[in-house]
Amino acid sequence: MARPLLLLLVAATPYLATPYSPIVINTWNFTYATEEAWYIVNNNNGSALDAVESGCTVCEELQCDGSVGFGGSPDENGETTLDAMIMDGTTHDVGAVAALRRVKSAISVARKVMEHTTHTMLVGDQATEFALMMGFKEETLTTNSSTEIYEKWKEESCQPNFWKNVLPDPNTYCGPYHPEDTKYKRFKWSIAKEGTNFNVKNHDTIGMIAIDKNGHIAGGTSTNGATHKIPGRVGDSPIPGSGAYVDKHVGGAAATGDGDVMMRFMPALLTVEWMRSGLSPQSASELALRKIASYYSEFMGAVIAVSMTGEYGAACYGFDKFPYSVANLELQSVTLMSVSCFT
């Protein structure tokens, strides 16, 4: 259950805490998730793993911006599927699920993968079977809202979609599609063009990093992916090093944005490694995004990061400002930060 919270809005400024002072940072203005995680690491002296799982669960239950949890982002069949991961920065253990069907608690299923298997990721119906073995309930992820989104998309000739080089023309017609004859056709080099299918609302994965009072760090993500995605599509969120990455010697980072592009560059891992080399969280985040932008100038994305000493920061690209949520001992309450995006 979400707790009442005092919310502040301030400009983002670097802050350096004493070693192992608890902190929670997460993407976007998902402040109820931050509040839940902060309560665990600060008031309950709980673990970073518990904080990340519980914080992301709040977003799943609240269906944060329609992009996390059940009832959002229907695919081309009208079905909502879920991606999530959780990572222990002390052991480097990871659990993840992708294209999870008919089970709502994606982040908790991901933790079960980490704790009860030697695997890293389970996908699709097999991930659902695993979840049922672990005691989770099978139920529909479809809602009236997701049905309306899907039916409107069909009425508008399945626009927009994620197809290319197929017939009939995906810019005009719905599928099914078949490959266009490319024998005598030379395609131009492509760049990421998000157009009307991607926007800030379609990117609102929750990515969370928490450090507890014992100096343990954990990270996690949860999302229902891209709206109107091709069934079976998996984005960056459940991929270790892309959606999130944590290291007990350095800190952690989480990314949000155009997952199909961002996962090709492992921005969370890159951010942590740049911090290892001495860069601040904000500078490291920006450098990771600049690498992506050098290849895909039209993508949209953001990275949050925190060091083991509690310094935090964020960077973004492709839109005006990026909000993110922080709680630590200095702030005393959940605080909504914002950072201006670079071009």
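The values are calculated or read from the model by the stated rules, or taken from the named source; none is laboratory data. The model shown is predicted, which means the values in this text are computed figures rather than measured ones. When we count neighbours, we look across all protein chains shown, and the Cβ atoms used for this are built from the backbone with ideal geometry, even at glycine. Note: accessible area is taken over every heavy atom of the protein model, side chains too, but ligands, DNA and RNA are not part of it. Shrake-Rupley method; radii C 1.70, N 1.55, O 1.52, S 1.80 Å.
Under 14 Å of direct C-alpha separation, and excluding same-chain neighbours fewer than eight residues apart, K229 reaches these aspartates and glutamates: D75, E76, E79, D83, E194, D258, D260. Our summary of shape: the Cα atoms of the range 242-333 have principal axis extents of 38, 26, 18 Å, ordered from largest down, in whole angstrom.
Going by Cα centres, the range 61-106 and the range 253-305 are how many Å apart? The two parts, judged by their Cα centres, are 21 Å apart.
Only one of (1) 1.15; (2) 1.01; (3) 0.98 was calculated from the structure for Rg/Rh (Cα atoms, Kirkwood Rh), and its label is (3).
Rounded to the nearest 10 degrees, what's the angle between the helix 144-155 long axis and the longest principal axis of the chain, both from Cα atoms, 0 to 90? The angle comes out near 30 degrees.
In the structure shown, the pairs K137/K291; K112/K152; K164/K291; K104/K154 are assessed against 31 Å; a Cα-Cα span above that value is assigned to K137/K291; K112/K152. Amide H contacts of V103 (H built 1.01 Å from N, in plane; Pro and chain starts excluded): E139 sit under 5 Å, all sequence-distant by 5 or more or on other chains.
Average accessible surface for the range 231-310: 33 Å² per residue, computed with a 1.4 Å probe over protein heavy atoms with every protein chain in place.
Within the accessible area of the chain, the carbon and sulfur atoms contribute 52%, probe 1.4 Å, all protein chains present. Taking the chain as a whole, the Cys residues whose C-beta sits 4.7 Å or farther from every other Cys C-beta are C56. Protection proxy ranking, highest mean first, for peptides 206-216, 236-246, 131-141, 333-343: 236-246, 206-216, 333-343, 131-141, where packing is the per-residue count of other beta-carbon atoms within 10 Å, averaged.
Across V234, V123, V303, mean-square fluctuation computed from a Gaussian network of the chain (C-alpha pairs under 10 Å connected) peaks at V123. Relative contact order for the range 88-132: 44 percent, from Cα pairs under 8 Å spaced at least 6 residues apart, divided by residue count.
Taking every protein chain into account, the accessible area of the range 69-175 amounts to 47 square angstrom per residue (probe 1.4 Å). When you count the other C-beta atoms within 10 angstrom of each residue and take the mean per peptide, 157-170, 85-98 line up highest first as 85-98, 157-170.
Between 0 and 90 degrees, the angle of helix 106-116 with respect to the longest Cα principal axis of the chain falls at about 70 degrees. Between the Cα long axis of helix 124-133 and the first principal axis of the chain there is an angle of about 50°, rounded to the nearest 10.
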